[in-house]
Each structure stands twice: as C-alpha cells, then as structure tokens.
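The structure appears right after this line, and notes come after that.
Bear in mind that the values in this text are calculations on the coordinates, not laboratory data. Here the structure is a predicted model, which is why all the values come from computation and not from measurement. Because the Cβ atoms are built from the backbone with ideal geometry, glycine has one as well, and the counts that use them run over all protein chains shown.
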Amino acid sequence: MGAKVPRNFRLLEELEKGEKGLGAEACSYGLDEGDDLLMTNWNGTILGPPHSVHENRIYSLKIHCGPEYPDIPPEVTFISKVNLPCVDARNGKVDISKLPSIATWKRDFTMETILIEIRRFMAAPSNKKLPQPPEGTNF
C-alpha cells in the first residue's frame, strides 16, 4: 500500500476534476464557497437517469467532507426532494450503507463515486418507478 494522500491534496484533485468537468457527464460537483480553504462544503448535482421516473430531473445535493475524509465517507444530503430507499424522507440525508457498491467505504472512493452510485441506484429496477415528490420541491 502506498503513502496516504493527505486530505487537502485529495480534495484539490477532486476540485480540479470537478471544475474541468472531467468526470461523468450526468454528475457534477464543486465547492460551495470558493474561499473555503478547508474544502469542507460542496454542492453536487445529479441528472436523473433516463427510462426512470427521474428522467429530465436535476437533483441538487450538499456534500460535507469532514476532517476525516477520505478515510470516512462525506455526509451527503439531498436538497431536492426525492423518494429513494437510501434517502431519509425527513431530511434528505443519504445512507451510504444502503448503496450496494459503496456500502463498504474505501479510501479511494470520491464524491463523484457517490454521486454516480446514487444515480445508478435511481435507475435500479426496484427504484426507477418509485413515485416521486413534485419536481422543484426541497427538503
């Protein structure tokens, strides 16, 4: 195992990738405030997957990378209302342990990994037809 990349280097890497739009087309993320030197608070966006009730919807999320990130996952919260088994219906908080492929968190997972997995979860056969709150409503 190589040397552990310090939190701030890792977040700078993610920031650069996010800003350049090098990641997955359907998910994007960036710093909430450009002058947040600790790079703690981020915004994420997920474009609803096609052939699902989420098609053509844009979901906004908040991502909080605490001091232990990337050793522990960030806190991810939907701002846009969504009905998904991994999202707390009261406050929009995402339960990462309910996302099959990232339930066991690994240090090399990124914010993008989480957004892509949530989007994949939306498109899963068991979730893609779940009735959704009206578009444009927030937690």
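The label point for residue 4 and the one for residue 120, both projected 7 Å from the Cα toward the Cβ, are 2.6 nm apart. The label-point distance for residue 105 and residue 75, in a model that sets each label 7 Å from Cα toward Cβ, rounds to 1.2 nm. Among 72, 46, a tally of other beta-carbon atoms within 10 Å of each Cβ gives an order, fewest to most, of 72, 46.
From the alpha carbon centroid of segment 103-139 to that of segment 1-54 is 15 Å.
Computed over the chain with a Gaussian network model linking Cα atoms closer than 10 Å, the most mobile of 114, 102, 63 is 102. Listed by chain and number, the lysines whose alpha-carbon sits under 23 Å from that of residue 17, ignoring those within fewer than 8 places in the same chain, are 4, 62, 106. Qualifying trypsin sites (Lys or Arg not before Pro) in segment 70-139, where qualification requires a DSSP coil assignment and no more than 15 other C-beta atoms within 10 Å, comprise 90, 106, 107, 129.
The modelled label-to-label distance for the pair residue 55/residue 91, using points 7 Å beyond Cα in the direction of Cβ, is 3.5 nm. The residues 110, 45, when put in order of fewest to most other Cβ atoms within 10 Å, stand as 45, 110. I want to verify a result. In a Gaussian network model of the chain, Cα cutoff 10 Å, which of these has the top mean-square fluctuation: 34, 18, 66? Fluctuation is largest for 34.
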